[in-house]
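Accompanying notes for the structure given below.
Read the figures in this text as sums done on the coordinates, not as results from a lab. Because the structure is a prediction, the values reported are computed rather than measured. Methodologically, a virtual Cβ is constructed for each residue, glycine included, from the backbone with ideal geometry; neighbour enumeration extends over all protein chains shown.
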Amino acid sequence: MRTATRVLALCALLLGACKQSSPEQKQPAQTASGGAAAPSGNEILIGATLPLTGGEARIGGFYKEGYELAFEEANQAGGISVGGKKMPVRLTLLDDTSAQATAASLADRLINSDKVSFLLGTYATNLVEAQSVVAEQNNIPYVNGGGAATAIYKRGYKWVFGLLAPVELLAESIMKWVDAEQQGGHLPKPATIALLWENTSHGKDFRKGVTEWADKTKTYKVLVDESFELGGKDFSALLGQVKAAKADLFLADAHLPDYITMQRQYVTAGLCNKVLSYGARGSEKQAAEALGKKNVEYVLSAVWWSPLLADKNPEAKKFVDLFKAKHQNRVPEWYQALGYETARALFRAIEQAGSLDRNAVKEKLAALKMTSILPGGELTFPAEFGQQSHAPFVVQQNMPDGSSPIVAPQDSATAKGIAPNPNCGK
Amino acid sequence: MERFAELVIASVLLAGLYATMAYGLGLIYGVLRIVNLNHGGMIMAGAYAAWWLHAALGLDPYLSLALVSVVAFFVGIFTYRLLVRRLPRGAAGGVQSLLLLFGVWLILRNAAYLIFTGNDHTLRTSYSTLAVGIGSALVSVNRIAVFGVAILILVFLHLLLTRTYMGKAIRAVAQNPDSCTLVGIPVERIYGLTFGLGTALASAAGLLGSTLFPFNPTFGGAELLKSFVVVVLGGLGSVAGTAIAALILAVVEVFAILVIPAYLTAAVGFVLLVVVLVVRPGGLFGQRVLG
Amino acid sequence: MKVPLPAWVRPRAAIGLLAACVVLALVPLLNGAVYWHNLLTLTFVGVAAALAWNWLGGYLGQVSFGHAAMFGVGGFVAAQLQLQLRFPMLVSWAIGGVAAGAFSLIWGHPTLRLRGPYFSIATIGVGEATRLVCTYWDWFTGGSSGLSLPMRSNLKYELYWYGIALAALAVAASYALRRSPMGLSLLAIKSDVDAASDVGVSATRLQDWVLFLSGLTIGICGAFYASYFSYIEPGDMFGFDRSISWVLMGVIGGIGTILGPALGAVIFILVKEYLIASYPQLYLGLYGTLLVLVILFEPLGITGLFLRLVRRRRPDLAVTGMAAED
């Protein structure tokens, strides 16, 4: 009996609390056109979540630096111009703790409670995939530089825009460079491949890129094709398989901790392949510290952006200088660059639309052609790829002197890559 | 054949680590009848302690092993006196102790997040990638060292339990706490000492693990589960049983790659756990209590 | 109007539940705040799930650390039915629930023989093994990319009322499982299995029945979750953290009580919302501390505190030492 009254009392309290908060807008489903959110005063409110704690906290922090730099840059110029008037931009950033449900719920909160006009994306494919659903449901532009899986962009969503090119393209970029080396006679033809990939969408896309390329060009044979669990500790059995296969190329796709573990076990087991790559990993300073400079020599990697692009791309140079000035001469990596550029793309679209109307901004994003810090120099969101940018990747190789120059594509290259791995001669 | 030899060596070395991890858990359950879910937390703490000592003082992890173990020992006694002692003994306390120590683990994890952030940490020493040839296989020096330390620990434990007064008291309490009181053995003190010993063993295992793998605050979870498998397989508290069970688990995990896809080998341990619990909860060697 | 109710149902409890449902159903009409609306929907699922967990963990005394396995099975089965075979939503929820219930029987029937901590350890193994295998089976779960459900623009809003129904059914079932004659049998099993069977209580059949119900309900919660977010992936659905959250809700709210876990769920979700915004780095430690405090000082959690407040003694909750000795 007490229980029932308690429940009633609780509900009465809840009701009271609900009435307390100011009457908000009625359900958004009625307004299907995604009308304009009235700007609060003369500020543009932009919302975003990032994994600031949890497994992806390190990278989340980097993206935050990128976002903050873009916002500062815009506000230092007085804001961005919306139909002739300059309006400052304000970022409401929340921590989604690398959890999918939290990312989606927080997006909900940003839209419905904090009343942001636009959303910037979070980092990590599954978080972006979950969050983009909320954006699409609420008809609010969602620009992200953190989700690379093509699955995100194959759902026919109109409000979601991605700056990260798909991981298949990453694998292709590496294979293209290997191809060139093969043509140049530095690698055998046909070449054999040992392929290890983490069992995530990232790894699967990487594997797809490699195997499709091998099928297409017919000058490669995949001998080992195994997946492993993210955060696995012991790769000795797996590497034993790789060793037994005696392949020419060792291609793996892993996150940083697995890269460190695997490479350490790789070197200890005395493995050495003519070409060695861990996908997007390889050139990180952290890895060189954890493994020792000698043990990351000649590792090939392909990334969405490199600070070395500043040599030939004036936009990139501007960004690098700006970042170094703010962060005690620290050089940015691709995380900060993508964060920065994502925010910039949204700003540009708002300027072009001349208003804060979500539909108008969405149209401008779809049609965007922006000079960019990205490789290739231009950022677009092609409709045929579900509004996912397909800007090219840069391929880098770690050199014995500790540098990681760009070896491909030609127009951004700062050095010539080396194959086969000279350390394997012994 | 060469591959077979490699796999065998890998299994044996891995078994040493697993045995060290499992023994602390088994000891605490055998004597106190408490499942120490904070075992994972102490493994993690040992890893971070080793890393910190190495980063701040340049101390090699094998040299700081004694220090870390001793500190963990007292932490264990403290945990017992402060928290565990208040729980009812026996079947009633079973689930409660589970939940209590689980809460402690959550707190430790949060502390690690706050102090060290969630990023992965790696302990790199000059010999991290050093390898020696055993037969035709190349084996990591580090793994051999870990195995060596594991053997030393097990020998030390066996001697402690069979030759010293304290060890015999522990075994007596495990068999029948009430009779012990009658005979004048300070049962509560023994409980505390055992808990401390189990905690020390967990931290030592964590230290050893830190030399091999990168770790973050979630480290210890998977290791805890593997410890369960070993403890359940090997019965309780038997040194020999634990060692053999650890070997079985390591062999199954390493050789599984020959029959199932590499990704699923991670599930092997869990499936084994459930199967053993259902089929033979007394372990492969029966419910022996410290012998 | 005389409504025929079974003898063990207190009319005031039934009225209370009905009243609560009506009140909650009317709330959105008085206050249109979408944010709270959605938060409440998630709370309803949490309440249902925590109560379902409690049937096994509290009523039977078998604490499960792997309930996320059923949550995931229910969610993915329902999602696949809607994606591949275009089943209507409620039908796929029902089938998902049944699938989850059946799954729980497969691993649960043999392991329920285990007593005390052994069962809990086994559930950890089950939860993790299920996660790994299901992530591997990408024909079922889409692998780590997960599954995206077709989006219906008004669905999220409407799910609020489905949520009320789900939570209400769970509360009613909790009440029934406790107050009915079957509830007494469960209590008997919890305190002493052998003595219970001596008086003719068939432990195995009853345990299986409770296990199935628990799995079924959690499976439906998983299906609900899938419809709500329109996107699910195995790492999140089968995650150990998810299993843990129900343990926390149950214990902090009051394990073994009828409404305790529901209260625990409400507190858990509200606290999380508040903490996420202000102190995201602390919620693990907070829950850990709460857990420790509850176990040491008030094993019946918040319900226990409340009972102390009103000076009521509940001897039937003192079984197996989970409550203070009377």
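To the nearest 10 degrees, how steep is helix B:2-32 against the longest Cα principal axis of chain B, on a 0 to 90 scale?
Here the helix axis deviates by roughly 20 degrees.
May I ask what percent, to the nearest 5, of DSSP beta bridges between residues of the protein assembly as shown are antiparallel? Numbers along the way, then the final one.
Values: 19 of 54 bridges.
Here the antiparallel bridges make up roughly 35 percent for the protein assembly as shown.
Using +1 at the C-beta of Lys and Arg and -1 at the C-beta of Asp and Glu, which of B:Ser210, B:Ser64, B:Leu37 has the Cα lying farthest in the positive direction of the dipole of chain B?
B:Leu37
Rg (Å, one decimal) plus Dmax (Å, integer) for the alpha carbons of the protein assembly as shown?
In Å, with Rg to one decimal and Dmax whole: 29.5, 94.
Rounding to the nearest 20 debye, state how big the charge dipole of the range C:11-321 is about its Cα centre with +1 on each Lys and Arg Cβ and -1 on each Asp and Glu Cβ.
Working: 18 positive and 13 negative charges, 148 e Å.
Here the range C:11-321 has a charge dipole of around 720 debye.
Distance between the C-alpha centers of the range C:255-313 and the range A:238-308? Whole Å please.
47
What is the sum of charges, Lys and Arg at +1 and Asp and Glu at -1, for the other residues whose Cβ falls under 15 Å from the Cβ of B:Phe78?
On the way: positive: B:Arg81, B:Arg85, B:Arg86, B:Arg189; negative: B:Glu188.
Within the 15 Å Cβ shell, the charges total +3.
Between the alpha-carbon centers of the range B:176-191 and the range A:182-208, tell me the distance in whole angstrom.
What the calculation gives is 64 Å, centre to centre.
Which number comes out as Rg/Rh for the range C:196-272 once both Rg and the Kirkwood Rh are worked out on C-alpha atoms?
Numbers: Rg = 15.6 Å, Rh = 14.5 Å.
Over the Cα atoms of the range C:196-272, Rg/Rh equals 1.07.
Between C:Arg115 and A:Glu378, with labels modelled 7 Å along Cα→Cβ, what's the label distance in nm to one decimal, could you check?
Result: 7.6 nm between the two label points.
Modelled label-to-label distance, C:Ser191 and A:Asn75, 7 Å Cα→beta-carbon offset: nm?
6.5
Which of A:Gly339, A:Leu379, B:Pro88 sits farthest toward the positive end of the charge dipole of the protein assembly as shown, with +1 on the Cβ of Lys and Arg and -1 on the Cβ of Asp and Glu?
B:Pro88
Once R0 is set to 60 Å, what does the formula 1/(1 + (r/R0)^6) return for the Cβ-Cβ distance between B:Phe156 and C:Asp208, expressed as a FRET efficiency to the nearest 0.05? Please list the in-between numbers first.
Details: r = 47 Å, r/R0 = 0.78.
Result of the calculation: an efficiency of 0.80.
If I require 20 Å or longer along the helix axis, counting alpha carbons, and a Kyte-Doolittle average no lower than 0.5, what helices from chain C are left? Use full DSSP H segments. Please list the in-between numbers first.
On the way: long enough: C:11-30 (28 Å, 2.16); C:34-54 (30 Å, 1.08); C:68-84 (23 Å, 1.12); C:89-111 (33 Å, 1.15); C:117-136 (29 Å, 0.71); C:155-179 (35 Å, 0.66); C:203-229 (39 Å, 0.94); C:240-254 (21 Å, 0.95); C:260-278 (27 Å, 1.56); C:283-297 (21 Å, 2.29).
Passing helices, by number: C:11-30, C:34-54, C:68-84, C:89-111, C:117-136, C:155-179, C:203-229, C:240-254, C:260-278, C:283-297.
Stretched out fully, how many nm does the piece from B:Arg163 to B:Leu67 gain, at 0.36 nm a residue minus the Cα gap? If you can, show how the numbers build up before the last one.
On the way: separation 96, 0.36 × 96 = 34.56 nm, distance 2.38 nm.
Gain on extension, B:Arg163 to B:Leu67, equals 32.2 nm.
Please state the relative contact order of chain C as a whole percent: Cα pairs under 8 Å, 6+ residues apart? Provide the component values of the computation, followed by the final result.
Working: 499 pairs, mean separation 95.0, N = 326.
Relative contact order of chain C: 29 percent.
Would you kindly state how much longer the chain becomes between B:Phe116 and B:Asp178 on full extension, computed as 0.36 nm times their sequence separation minus their alpha carbon distance, in nm to one decimal?
17.9 nm
Find the relative contact order for the range B:2-279 and round it to a whole percent, using C-alpha pairs within less than 8 Å whose residues are 6+ positions apart. Let's see the in-between values first.
Numbers: 404 pairs, mean separation 110.0, N = 278.
Reported relative contact order: 40 percent.
Obtain the radius of gyration and the Kirkwood radius of the range B:167-288 from its C-alpha atoms and give Rg over Rh.
Numbers: Rg = 17.2 Å, Rh = 16.4 Å.
Computed over Cα atoms, the ratio is 1.05.
I need C:Met182, B:Met21 ordered by Cβ neighbour count within 10 Å, fewest first. If you can, show how the numbers build up before the last one.
Numbers: C:Met182 17, B:Met21 29.
Fewest-to-most ranking of C:Met182, B:Met21: C:Met182, B:Met21.
When B:Thr164, A:Thr217 are ordered from fewest to most other Cβ atoms inside 10 Å of their Cβ, what list results? Walk me through the numbers before you get to the answer.
Numbers: B:Thr164 11, A:Thr217 14.
Ordered from fewest to most neighbouring Cβ atoms within 10 Å, B:Thr164, A:Thr217 come out as B:Thr164, A:Thr217.
Please list, in order, the residues from the range A:260-293 whose amide nitrogen is less than 19 Å from a point placed 7 Å along the Cα→Cβ vector of B:Ser126.
A:268, A:289-293
For an R0 of 22 angstrom, estimate the FRET efficiency from the Cβ-Cβ distance between A:His390 and A:Asp215 and round to the nearest 0.05. Write out the running numbers ahead of the final one.
On the way: r = 21 Å, r/R0 = 0.94.
About 0.60, to the nearest 0.05.
With the Cα gyration tensor of the range A:31-153 giving a ≥ b ≥ c as the square roots of its eigenvalues, does the rule (a/c under 1.5 for rounded; else a/b larger than b/c for prolate; else oblate) give rounded, prolate or oblate?
The shape class here is oblate.
Taking neighbour Cβ counts within 10 Å as the exposure measure, how do C:Met151, A:Met87, C:Met70, B:Met44 sort from fewest upward? List each step's numbers first, then the result.
Working: C:Met151 15, A:Met87 20, C:Met70 38, B:Met44 29.
Going from least to most buried by this count: C:Met151, A:Met87, B:Met44, C:Met70.
Picking from B:Leu264, B:Leu53, B:Leu277, which is most flexible by a Gaussian network model of chain B using Cα springs under 10 Å?
In the Gaussian network model the winner is B:Leu264.
For the range C:93-142 and the range A:120-172, what is the centre-to-centre distance using only Cα atoms, to the nearest Å?
Centre-to-centre (Cα) distance: 32 Å.
Dipole magnitude of the protein assembly as shown about its Cα centre, charges +1 at Lys/Arg Cβ and -1 at Asp/Glu Cβ only, in debye to the nearest 20? Can you show the working numbers first?
Numbers: 81 positive and 66 negative charges, 430 e Å.
Value, rounded to 20: 2060 debye.
Starting from the eigenvalues of the Cα gyration tensor, five times each then square-rooted, give me the equivalent ellipsoid semi-axes of the range C:11-321, largest first, whole Å. Spell out each step's value before the answer.
Details: eigenvalues 168, 116, 75 Å².
Values for the range C:11-321, descending: 29, 24, 19 Å.
Give the calculated FRET efficiency between A:Lys293 and A:Ala244 to the nearest 0.05, with a Förster radius of 25 Å applied to their Cβ-Cβ distance.
Numbers: r = 29 Å, r/R0 = 1.15.
It comes out at approximately 0.30.
So what is the relative contact order for chain A, in percent, with contacts set as C-alpha pairs under 8 Å and at least six apart? Spell out each step's value before the answer.
Numbers: 824 pairs, mean separation 73.7, N = 426.
Contact order relative to length: 17 percent.
With angles folded into 0 to 90 degrees, how steeply does helix A:314-326 sit against the dominant principal axis of chain A? Use alpha carbons for both and round to 10.
70
Mind checking the angle between helix A:201-217 and chain A's longest principal axis? C-alpha axes, 0 to 90 degrees, to the nearest 10.
50
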